[in-house]
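What follows is a short report on a single structure.
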């Protein structure tokens, strides 16, 4: 395969991230190197400590842990059987333990982490815990790994906040080798455009709840990850781009021989990366996650038209490693990265169709050929750099092996080459405006809908928007402004419940757009939505000075947002009328809300941490 020299802009962005992060990255690496092991982790434990750690193990594993110098793998699992994506993880620990024994290692479930389903909490009060669940997962993982009896770790997680939370912890325990193990997407169900059509019909009162429930159940119908290209599947793309999966593991279906073989292989591979296999073999996470791999993840996001939520998660992940990225980096990368994929919501096809057309192996092969990613990175796959991820796994009889990904797309309506892209630049756009800085996903928005000029209608909750819609007050050209939805206000819940309303208004021929300091779902994109606007209203951001009737002009292609009259900026900031923040456990997260950072820094509570 062809690997071109690195694109000038990608090189420049990488270099400025390195320069910007010099002090914090140096401190992080110093911390990691101070933890570099010279013998098994459990050798640091007292006899009493070790006896507790091995007490419940089968006799063979107990003997190995108490005596032989076998590596011990800690499993951090986000298993629950409420999330379809995570239900297959129920049986993974037994698969991992068995595979570990075959290569002279032991494995233990170090701990479980919470894993909420945004599909269940969407539009409900529980969604206010969603973003902060990422930081809770990071802390829960830290508790699991704090037993300090592990020589490597395996991370079982897929969905929206779960992979980023696990990543933050993996980076903070970066002296441990680690591999992320996915479970794969569910089979394709009701086509996504049909599901969206029925949602809009329900919002318009044209069909009843029985038709809506039937459509939703036909869409989400089996074990496995939801098949649209939202945050969960964007996370899986990101793990491939950063070299933290085995190559091509992201979109292999659950409960197949290939999926089981990949889980076994990941277990045995992480054993081979431990310091106990020699200094040359030792490959800790802190050597995998660096400025180059972070840039690769952003390139992947742009090339595939991935989730806007990753514009929050990538900065948070990077900061855990002492790396400072901002949305200007995202924009400059987007400007030179062509959009190669059309996966719902950017098109009708789902991730199963994408995988069949060539999948991540083809995407990475094309990005390398275009000089758009760093090949000279460390990955969990061993030697070969990112080029290894231009391969895809397959079974030859009962043997797992890898072959080169297809060199041509098998379906150009879904997947294209860098020489014949779907669009010349990436799917996300930075909006830097008098209101503040925000992001917009334009890859799924038709060109004729990307420019809107209309009066503002200002709300402080998505329920207020729905009420206005039901009362017929939004049947016009309108820019809907929903504020007090940022991390400090209420945990920055997704406002995906507004998608059918705005989509319906747009289909009626009205010019519509959304501006908010909150989030939209990673599967959103039919209409223009400027999201993650910061500073948020509760922190005194100018979005709190917009009033009903102000003329707002959005040009998504140009990245421009104008509010008239210009003097709006001098108005007093509106105050929030109420702050429930109580009930369904929300009061337990008030400390998170008080300390949350702005969206561009990840919207979390950790910042750069004390490193």
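Values as computed for the structure displayed
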item	result
Relative contact order for the chain, counting Cα pairs under 8 Å that sit 6 or more residues apart, in percent	15 percent
Rg over Rh [alpha-carbon atoms, Kirkwood Rh] for region 72-134	1.13
Debye log10 I(q)/I(0) at q = 0.17, 0.23, 0.25, 0.26 Å⁻¹ for region 457-543, Cα point scatterers	-0.63, -1.11, -1.27, -1.35
Computed over region 279-423: relative contact order in percent, which uses C-alpha pairs under 8 Å that are six or more apart	26 percent
Normalised per residue, the volume of the convex hull around the Cα set of the chain (Å³)	147 Å³
Antiparallel content of DSSP bridges confined to the chain, in %, to 5	50 percent
Between 0 and 90°, nearest 10: helix 162-172 axis offset from the chain longest Cα axis	50 degrees
Tail weight of P(r) past 25 Å, computed on alpha-carbon pairs of region 400-517, percent	39 percent
For region 511-544 versus region 361-437, the gap between their alpha-carbon centres in whole angstrom	29 Å
Among beta bridges that DSSP assigns inside region 429-601, antiparallel share in %, nearest 5	60 percent
Euclidean distance between Cα centres, region 239-269 to region 461-490, Å	42 Å
Percent of C-alpha pairs per 5 Å bin, region 1-132, short to long	2, 8, 11, 11, 10, 10, 12, 16, 12, 5, 2, 0
Helix-only [θ]222 nm of the chain, DSSP H runs n ≥ 4, -39500 (n - 2.57) each, per residue, nearest 500	-10500 deg cm²/dmol
Surface/4 of the Cα convex hull for region 429-601, nm²	9.6 nm²
Folded to 0 to 90 degrees: helix 231-241 orientation relative to the chain principal axis, Cα	50 degrees
Peptides 545-555, 237-247 ordered by average Cβ neighbours within 10 Å, highest first	237-247, 545-555
By average C-beta atoms within 10 angstrom, highest first, the peptides 170-183, 595-608, 350-363	170-183, 350-363, 595-608
Whole-angstrom gap from region 128-201 to region 36-71, using each part's C-alpha centre	28 Å
Peptides ranked, highest mean first, by Cβ atoms within 10 Å: ranges 189-200, 463-474, 425-436	425-436, 189-200, 463-474
Contact order normalised by residue count of region 96-241, Cα under 8 Å, 6+ apart, percent	21 percent
Rg to Rh, two decimals, where region 404-463 supplies the alpha carbon set and Rh follows Kirkwood	1.14
Cα-based convex hull volume of region 271-320 per residue, rounded to whole Å³	101 Å³
Tilt relative to the chain, helix 327-336 - C-alpha long axis, 0 to 90 degrees, to 10	90 degrees
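Here, each number is a calculation from the coordinates, and none is a lab measurement. Here the structure is a predicted model, which means the values were calculated and not measured. Cβ coordinates were reconstructed from backbone atoms using ideal geometry, including for glycine residues, and neighbour counts include every protein chain displayed.
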